[in-house]
Amino acid sequence: MRILLIALLLFASRAFALEVANVEKLAFGESDEQVAAIAALVASGDPQAAAVLQALADGELQVAGKRVLIVKGEEATDAVTGAKVAPLPEEREGVVANNRLRRELAGALAGLKLTSPQREARLAAVKELAGGADPAMLPLVKRALEKEADPTIKPMLELIAATMELKDGSKEARIAAVRMLGGSSNSNTKLLLLGVLEKRKDGSFAEPDEEIRREAQASLRAVEGRLAWGERAGILFTSISLGSILLLAAMGLAITYGLMGVINMAHGELIMVGAYTTYAVQNLFREHAPDAFDWYLACAVPASFMVSAAVGMLLERLVIRWLYGRALETLLATWGISLVLIQTVRTIFGAQNVQVENPAFMSGGVEALMGVVLPWSRIVIVVFAAAVLVGIWLLLTRTRLGLFVRGVTQNRAMASCVGVPTARVDTWAFGLGSGIAGLAGCALSQIGNVGPDLGQAYIVDSFMVVVLGGVGQLAGTVYAALGLGFANKLLEAWQGAVLAKIVVLVFIIMFIQKRPQGLFALKGRAVET
Amino acid sequence: MGPVSLLIARLYGPRGWMTLAAFALALFVVFPLCNLAIPEGNPLHLSAYWVSLVGKIMCYAIVALAMDLAWGYAGILSLGHGLFFALGGYAFGMYLMRQIGSDGQYKANMPDFMVFLDWKEFPWAWWNSDQFWWCALLVVLVPGLLAFVFGFFAFRSRIKGVYFSIITQALTYAAMLLFFRNATGFGGNNGFTDFKRILDIPVAIPSTRMALFAITAATLIGSLLLGRYIVTSKFGRILAAIRDAESRVMFCGYNPVHYKLAIWTFSAVLCGIAGALYVPQVGIINPSEMSPANSIEIAIWVAVGGRGTLVGAIVGAGLVNGAKSYFTQAFPEYWLYVLGLIFILVTLFMPKGVVGLWSQWKNRSA
């Protein structure tokens, strides 16, 4: 019994002897000593080491005299033994981690989490380490690699191990590491390989071994090719995304301007009304049905359509109806309407932007390829825009209202003669265009700020889409929106957002010189309309 | 006589000339007297606030006049006139910035924003900008050339009506984005401000202010007379004909492009001059002057006063801007309602504007 006790004591004191020195170094030492202590603690693999490091990262590590404590709120535990310390000592001082230490800590904590039983924790740790890790952690990574079975985490771990081997390892290990790195699509890997190939100022290579350099060259080419594809895929997706947003914003305008010839400068504000309706519906759900919060969009989509359509029909009845055939006056009057709408929204909801939260299924994203993350909200909007497009197309070609709208567009007098109630068709068509603006607003609320000025940002763009696409054609609107989306994003990657926008606007202005009727013009022989 | 010339004859009958003379008297005699000669504290004294407010509104009135020439007489509704105004302002602002010399915050012989951006030399656009004559030339040339080139292509492709309006709006929007960039070289967001001197004379003293005021008043009256000369000439008649039936004018053997281009460019130059007069009086110019909203507002000044009357443009600019400075001080949250309602009600119920109402009322009572 005694022997056992002594053995136990001995064992305990030996196990903690290392710990105590390290913990003390961590708490009282200079920053070089602290860094060394972190490495030693990581190498021990003790769960208590993780707790100490985490406490330091969170600013919970404190010293009282010679003792090192982890203080959480009013409770304190001894950093070395993990035993509860009560009462809390009066004289305490926090251990401050400077930036260098914080960097080391982040890496160290990630290293410790590599062997965590939770998959999410391991994945996060791997991602952290992929950004750059201390080669001293190689044994830890190797140990984790042996146990790892997850198909996403394992290749990432292998890459990290390769990165570390490359820094100091045998020639064979380094060649293997360089080959391994060729399979990566991480931009950090590219930097690493470039570092291998770097030429020093005096003409010698950073990597003296020719064979390794050759391998690195080949790997670099592979990585660069893959990165370029990833970038292209990213631009493609953001272009489609922007195009679908432009399409949503412009589709309503294509109906009111394109089909009815009404210049509606308040179109942007109808978008804003849709966005605020979504905001209101979201608030209602949060207040009265928090359990069903994820489903608020199912209610917000029709609501924003209805509210905007109602506002639009009201406007048509009260103002626009009296100005048919006087396009310039319509422009001014609808601008006035937009000012009134903006101020109304400001009065009701305040001048600040409001927060519209994504439902859970729309947050986050799906990693498509080469590290390109496609946000769910954007994907949903692309699909939504396509659905709205199909809906409008069906409405215009397959329903009685669509037939009437097309009839009135083509020949108002004749349509009226055969009994089409043109005035009512005008109201319905304007309501339809406004409702689609509301849908656009609902979609925009999911990806951007919702504020009283929301509409102003889209009015110039959506008019450009309609003008470019040509009047009276849905197909033209689609091509123009996607085309502008692509042009904007491609130029943006090359010249920055503002210049891209300017170049696109100048391009449209020049294009209109060549084809004043837009891409897809209705054929006709009129001298002027 | 057609309706246009009738209106002109009525506005410029003996009574019209008398009104103009009274207006000039008020601007050139009453204002300087009340501001400079009558001491502060006297109820008849006009404060610097009023001088700069009326000076500012007169600049706007010149812009409205220019707009009326293009819209009221040639049927060209520009939603980009704010751009020409701002370009004139920026051109003259460059000179004013150079006149600050080394009195800026950083005591460098360069505008503060350039020091802040760590620029060592002036961008190319600033070449010779310390010369008054050069900047004065730019005030006319930059808006004029831009309008000429833009108008040439637009009118040649027979872009008109709302199409033209939307394109001009895009133009001013693009220019605004361009000027918001620091790298463009015109002070980015903040634009130009903190002016100290003009022609080496301090800009903030009352006599300089009054001189600027008088120059603006003279420009306004001068452009009114010049505008009247243009619209009553044969050239002006053809413009009105183009506005009413462009194809017919074309089939009669006139080329509308020349006429439209001429009035459009002249209108832009007038805006540029107004901008140049505006900047030293208001003391700031920044890219928000180019926002599409500003340009649309110009159209409503003209619509409120009455299109195609010239005098109406001045009246409208005065009324709307007077109301604006009253409301933005007294009830800032209601101003947008008022402006929006002005837009709606004027287009719906007052197609001839205030001037038209007045003549309608006179006809009825007579």
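The values are calculated or read from the model by the stated rules, or taken from the named source; none is laboratory data. Keep in mind it's a predicted model, so treat the numbers as computed, not measured. Here the Cβ is made from the backbone with ideal geometry for all residues, glycine too, and neighbour counts use every protein chain on show.
So B:Ile296 clears everything in (1) within 14 Å of chain A (Cβ to nearest Cβ); (2) in a helix (DSSP H, G or I); (3) in contact with a Lys or Arg (Cβ under 9 Å, 6 or more places away or on another chain) except one condition, right? Which one?
Condition (3) is where B:Ile296 drops out.
Hey, among B:Asp194, B:Asp130, which residue is of a type in the set (Asp, Glu), in contact with an Asp or Glu (Cβ under 8 Å, 6 or more places away or on another chain) and over 18 Å from B:His81 (Cβ atoms)?
B:Asp194 is the lone residue from the list that is of a type in the set (Asp, Glu), in contact with an Asp or Glu (Cβ under 8 Å, 6 or more places away or on another chain) and over 18 Å from B:His81 (Cβ atoms).
Looking at (1) assigned to a strand (DSSP E or B); (2) outside the structural domain of A:Leu314 (by TED's automatic domain parsing), which is the one condition that is false for A:Met464?
A:Met464 satisfies all of (1) assigned to a strand (DSSP E or B); (2) outside the structural domain of A:Leu314 (by TED's automatic domain parsing) except (1).
Quick one: would you say A:Ala275 is touching a strand residue (DSSP E or B) at 6+ places or on another chain (Cβ under 8 Å), of a type in the set (Gly, Ala, Ser) and surrounded by 22 or more Cβ atoms within 10 Å (Cβ to Cβ)?
The answer is yes for A:Ala275.
Tally the residues that are at pLDDT below 85, more than 8 Å from every other protein chain (Cβ to nearest Cβ) and over 16 Å from A:Val467 (Cα atoms), restricting the search to region A:501-514.
Residues in region A:501-514 being at pLDDT below 85, more than 8 Å from every other protein chain (Cβ to nearest Cβ) and over 16 Å from A:Val467 (Cα atoms): 0 in total.
Take A:Leu297 and decide whether it is touching a residue at least 60 places away in the same chain (Cβ under 8 Å), closer than 14 Å to A:Gly433 by Cα and either of a type in the set (A, V, I, L, M, F, W, C) or surrounded by fewer than 24 Cβ atoms within 10 Å (Cβ to Cβ) (or both).
For A:Leu297, the condition - touching a residue at least 60 places away in the same chain (Cβ under 8 Å), closer than 14 Å to A:Gly433 by Cα and either of a type in the set (A, V, I, L, M, F, W, C) or surrounded by fewer than 24 Cβ atoms within 10 Å (Cβ to Cβ) (or both) - is not met.
Checking the structure you have, find out if any residue of region A:405-426 is within 24 Å of A:Ala250 (Cα to Cα) and in contact with a His (Cβ under 6 Å, 6 or more places away or on another chain).
Among the residues of region A:405-426, not one is within 24 Å of A:Ala250 (Cα to Cα) and in contact with a His (Cβ under 6 Å, 6 or more places away or on another chain), which makes the answer no.
So, in region A:32-90, of the ones that are among the small types (Gly, Ala, Ser), touching a strand residue (DSSP E or B) at 6+ places or on another chain (Cβ under 9 Å) and more than 18 Å from A:Ala21 (Cα to Cα), which residue ends up surrounded by the fewest Cβ atoms within 10 Å (Cβ to Cβ)?
Restricting to residues being among the small types (Gly, Ala, Ser), touching a strand residue (DSSP E or B) at 6+ places or on another chain (Cβ under 9 Å) and more than 18 Å from A:Ala21 (Cα to Cα), the top hit is A:Ala86.
Any residue in region B:288-312 that is within 20 Å of B:Leu357 (Cα to Cα) sitting within a Cβ distance under 9 Å of a residue that is of a type in the set (Phe, Trp, Tyr) and not in a helix (DSSP H, G or I)? List the pairs, counting only those 6 or more apart or interchain.
B:Val311/B:Tyr12
So which residues in region B:109-134 are in a loop (DSSP other than H, G, I, E, B) and within 22 Å of B:Tyr278 (Cβ to Cβ)?
Result: B:Pro111, B:Ser129, B:Asp130, B:Gln131.
Being aliphatic (A, V, I, L, M) and farther than 19 Å from B:Leu77 by Cβ is the filter; apply it to region B:141-157 and report the residue that is surrounded by the fewest Cβ atoms within 10 Å (Cβ to Cβ).
B:Val149
Among A:Ala481, A:Ala443, A:Ala415, which is crowded, with 18+ Cβ neighbours inside 10 Å, within 23 Å of A:Val390 (Cβ to Cβ) and either within 12 Å of chain B (Cβ to nearest Cβ) or more than 21 Å from the chain's Cα centre (by Cα) (or both)?
Just a single option satisfies the conditions, and that option is A:Ala481.
Among the candidates A:Leu56, A:Leu88, single out the residue that is outside the structural domain of A:Met164 (by TED's automatic domain parsing) and free of Cβ contacts under 8 Å to residues at least 24 places away in the same chain.
Going through A:Leu56, A:Leu88 in turn, the sole match is A:Leu88.
Would you be able to say whether some residue in region A:343-355 is within 14 Å of chain B (Cβ to nearest Cβ), free of Cβ contacts under 8 Å to residues at least 40 places away in the same chain and under 30 Å from B:Gly75 (Cβ atoms)?
Within region A:343-355 (the criterion being within 14 Å of chain B (Cβ to nearest Cβ), free of Cβ contacts under 8 Å to residues at least 40 places away in the same chain and under 30 Å from B:Gly75 (Cβ atoms)), the answer is no, since none of the residues qualifies.
For B:Arg156, work out the one condition from (1) farther than 26 Å from B:Leu53 by Cα; (2) touching a Phe, Trp or Tyr at 6+ places or on another chain (Cβ under 7 Å) it doesn't fulfil.
Checking B:Arg156 against (1) farther than 26 Å from B:Leu53 by Cα; (2) touching a Phe, Trp or Tyr at 6+ places or on another chain (Cβ under 7 Å), the one that fails is (2).
From the list A:Gly274, A:Gly258, exactly one residue is more than 22 Å from the chain's Cα centre (by Cα), within 14 Å of another protein chain (Cβ to nearest Cβ), part of a helix (DSSP H, G or I) and in contact (Cβ under 8 Å) with a residue 24 or more places away in the chain. Which is it?
Sole residue among the options that is more than 22 Å from the chain's Cα centre (by Cα), within 14 Å of another protein chain (Cβ to nearest Cβ), part of a helix (DSSP H, G or I) and in contact (Cβ under 8 Å) with a residue 24 or more places away in the chain: A:Gly258.
Restricting to region A:216-257, count the residues that are touching a Lys or Arg at 6+ places or on another chain (Cβ under 6 Å) and farther than 21 Å from A:Glu492 by Cα.
Summing the residues that are touching a Lys or Arg at 6+ places or on another chain (Cβ under 6 Å) and farther than 21 Å from A:Glu492 by Cα in region A:216-257 gives 1.
Do we have B:Gly88 as touching a Pro at 6+ places or on another chain (Cβ under 6 Å) and part of a helix (DSSP H, G or I) here?
Spelling it out, B:Gly88 is indeed touching a Pro at 6+ places or on another chain (Cβ under 6 Å) and part of a helix (DSSP H, G or I).
If we scan region B:220-229, do we find a residue that is among the polar types (S, T, N, Q) and under 19 Å from the mean Cα position of the chain (by Cα)?
yes
Please specify each residue of region B:299-339 satisfying the condition of being within 11 Å of chain A (Cβ to nearest Cβ) and among the hydroxyl-bearing types (Ser, Thr, Tyr).
B:Tyr334, B:Tyr337 - these are the residues of region B:299-339 that are within 11 Å of chain A (Cβ to nearest Cβ) and among the hydroxyl-bearing types (Ser, Thr, Tyr).
Of the conditions (1) closer than 27 Å to A:Leu505 by Cα; (2) outside any helix (DSSP H, G or I); (3) of a type in the set (Ser, Thr, Tyr), B:Tyr106 fails just one. Which one is it?
(1)
Of the residues B:Val355, B:Val302, B:Val279, B:Val346, only one is surrounded by 24 or more Cβ atoms within 10 Å (Cβ to Cβ), among the β-branched types (Val, Ile, Thr) and farther than 28 Å from B:Leu171 by Cβ; which?
B:Val355 is the lone residue from the list that is surrounded by 24 or more Cβ atoms within 10 Å (Cβ to Cβ), among the β-branched types (Val, Ile, Thr) and farther than 28 Å from B:Leu171 by Cβ.
Could you please find all residues in region B:164-180 being more than 7 Å from chain A (Cβ to nearest Cβ) and closer than 19 Å to B:Gly72 by Cα?
Answer for region B:164-180, where residues must be more than 7 Å from chain A (Cβ to nearest Cβ) and closer than 19 Å to B:Gly72 by Cα: B:Phe164, B:Thr168.
When the residues of region B:106-131 are narrowed to those that are in contact with a helix residue (DSSP H, G or I) (Cβ under 7 Å, 6 or more places away or on another chain) and without any contact (Cβ under 8 Å) to a residue 40 or more places away in the chain, which ends up surrounded by the most Cβ atoms within 10 Å (Cβ to Cβ)?
Selected residue: B:Ser129.
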